[in-house]
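Since the structure comes first, as structure tokens, the remarks are kept for the end.
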Amino acid sequence: MDRATIESKLVDLLVDELGLERDDISMEARFEEDLDVDSLGVVELLMALEDNFDVKIPDEEAEKITTVGEAAELVSQKLNA
Amino acid sequence: MQRRRVVVTGLGTVNPLAHNVDDFWAALLEGRSGAAPITLFDSSRLDVKFAAEVKDFDSTAYLPRKEARRFDRSTMLFWAATQQAVADAGISYEDGEPGAERAGVVCGTGIGGIGTTQDQMDVLAERGPSRVSPLAIPMIMSNQAAGAVSIGFHLAGPSTCTVTACAASANAIGDAAEIIRRGVADVMVAGGMEGSVTEFAMAGFNSMKALSTRNEDPTAASRPFDRDRDGFLLGEGAGALILEEYEHARERGADIYGEFVGYGMSADAYHITLPRPGGGGAARAMQAALDDAGVDPVDVDYINAHGTSTPANDVTETLAIKSVFGDHARSLAVSSTKSMTGHMLGGAGAVEAVIALKTVSEGVIPPTINYTTPDPECDLDYVPNEPREAPVSTALSNSFGFGGHNVSLLFRSLRATT
């Protein structure tokens, strides 16, 4: 899966699963500060990533994600590993 | 020292008949039923396939989807009712504002997030523990609504939850009034809700033989005090009141629906689901509300009955009313609005308190619909089928819950108390 497809699918998940506004989302947007996604929301997102991209994301890697772009990068690494 | 007085300055409701107080009141006076075939889930496995659902409820009318999706349906219903009541009272607080520490919330519910419980139990069974939502616990807990309202409306005073089955939101109103009387707060959001039209809850009530099985005619299913009643109509919904200390309300020039004057509680101490035969427990709750208010039984004009349309409740409640009111029981009006709304369980007490306050402020009594065949054991004036114009200065509202919890709330018009 190419990076653009991952990013666009990730944005769809943030809108559909977390109820975020599409216009607020950019690859640079930080979950906590910019998108008001709290720790529970991050766990929901990780579950959605695992389900929709069919990857496994260990907690210690998940904890390092702060931006949307970093989430896309992690998914990309997992898919190409 | 004179006791601090508590008045009602805001009302809100979302229920099977309407999504606001004005439309609700109009529907009650029309005698409309909220019963219909179930739409919230596939009811094909159930014996009873109808309920009184809150129809076409759109949570995003009250909150952005990002926040609304983190509330159980029951919490969302209470949030909506609270938003209306707060706007009606014209009172609001900023985060951290000093006055906000004098404002709080008591929210009652029978069971809280039973819909989320069922959904997440399905997830656990089908997909395993790693897929149970991080929101499962906050959405299931019975105090989610109290917490959500405290956070969302910046209420930093007392915030708590009553969980006494079908008496829950009546307890919430009484407890909130006591908090104001005690001087701990000046303003309280008080009420409660239920959002339990789910397959699991319906199955449980059905197994208890508590529900009406009138699938062929849902709108005739809830027929309190009628001889042919066969059980209750499951409903859902929420009611919220703004209770306010009288001087506080007067100083800010608030419109006042009426005064909260009496809170009565008792326990049947008898059986987990059946009322004590003879209605002694219910009678003591009504008497306690009258005593709390210092109101003479003959001054009560209207009783909004618990009136569930179960064979046992309606006879027992009739006996209880007769034992408290004596001869006056024949001259006061008693109606069960559950004939229209169905039984909203933990939300019933609050929605019916809204009705009691509207009767006091409007001078019209909503009817008991579907009343066609008198039951010799239920022989009071149940305001059958048609609303009645009548001056109501004092109204009592009964709520009795599984567990034997009996609660009576007494409201008076300000013209009767000042």
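No value in this document is a laboratory result; all are computed from the given coordinates. Not measured: the values here are computed from a predicted model. Reconstructed Cβ throughout: ideal geometry from the backbone, glycine too, with neighbour counts over all protein chains shown.
Take the residues in the stretch B:91-116 that are more than 30 Å from the chain's Cα centre (by Cα) and touching a residue at least 24 places away in the same chain (Cβ under 8 Å); name whichever of them is farthest from the other protein chains (Cβ to nearest Cβ). Across the stretch B:91-116, the extreme among qualifying residues is B:E97.
Annotation note: Cβ proximity below 8 Å between a residue of the stretch B:41-62 that is in contact (Cβ under 8 Å) with a residue 60 or more places away in the chain and a residue that is among the hydroxyl-bearing types (S, T, Y) and not in a loop (DSSP other than H, G, I, E, B) (sequence gap 6+ or interchain) occurs for B:A52/B:T341. Quick check: is even one residue across the stretch B:177-184 within 14 Å of another protein chain (Cβ to nearest Cβ), over 20 Å from B:V351 (Cα atoms) and either among the hydroxyl-bearing types (S, T, Y) or buried (at least 24 other Cβ atoms within 10 Å of the Cβ) (or both)? No, there is no match, as no residue in the stretch B:177-184 is within 14 Å of another protein chain (Cβ to nearest Cβ), over 20 Å from B:V351 (Cα atoms) and either among the hydroxyl-bearing types (S, T, Y) or buried (at least 24 other Cβ atoms within 10 Å of the Cβ) (or both).
The rows are residues; the columns are (1) of a type outside the set (S, T, N, Q); (2) in contact (Cβ under 8 Å) with a residue 12 or more places away in the chain.
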residue	(1), (2)
A:V15	yes, no
A:S26	no, yes
A:E33	yes, no
A:S39	no, no
A:F53	yes, yes
A:T66	no, yes
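Evaluate the following for B:R70: is it within 14 Å of chain A (Cβ to nearest Cβ) and within 25 Å of the chain's Cα centre (by Cα)?
So B:R70 fits the description; yes.
Here B:A305, B:A312, B:A395 are screened, and the one residue that is surrounded by fewer than 24 Cβ atoms within 10 Å (Cβ to Cβ) and of a type in the set (A, V, I, L, M) is B:A312. Only residues that are over 27 Å from the mean Cα position of the chain (by Cα), closer than 30 Å to B:G104 by Cα and more than 14 Å from chain A (Cβ to nearest Cβ) were counted in the stretch B:117-165, giving 0. Determine whether A:V68 is away from chain B (no Cβ under 14 Å) and within 26 Å of B:P138 (Cβ to Cβ). It is true that A:V68 is away from chain B (no Cβ under 14 Å) and within 26 Å of B:P138 (Cβ to Cβ).
Does A:I25 fit the bill of being under 13 Å from the mean Cα position of the chain (by Cα), surrounded by 12 or more Cβ atoms within 10 Å (Cβ to Cβ) and within 13 Å of another protein chain (Cβ to nearest Cβ)? Yes, satisfied. Checking each residue in the stretch B:12-70 for being part of a helix (DSSP H, G or I) and either buried (at least 16 other Cβ atoms within 10 Å of the Cβ) or of a type in the set (V, I, T) (or both) picks out B:V21, B:F24, B:W25, B:A27, B:L28, B:L29, B:S59, B:T60, B:K66, B:E67, B:A68.
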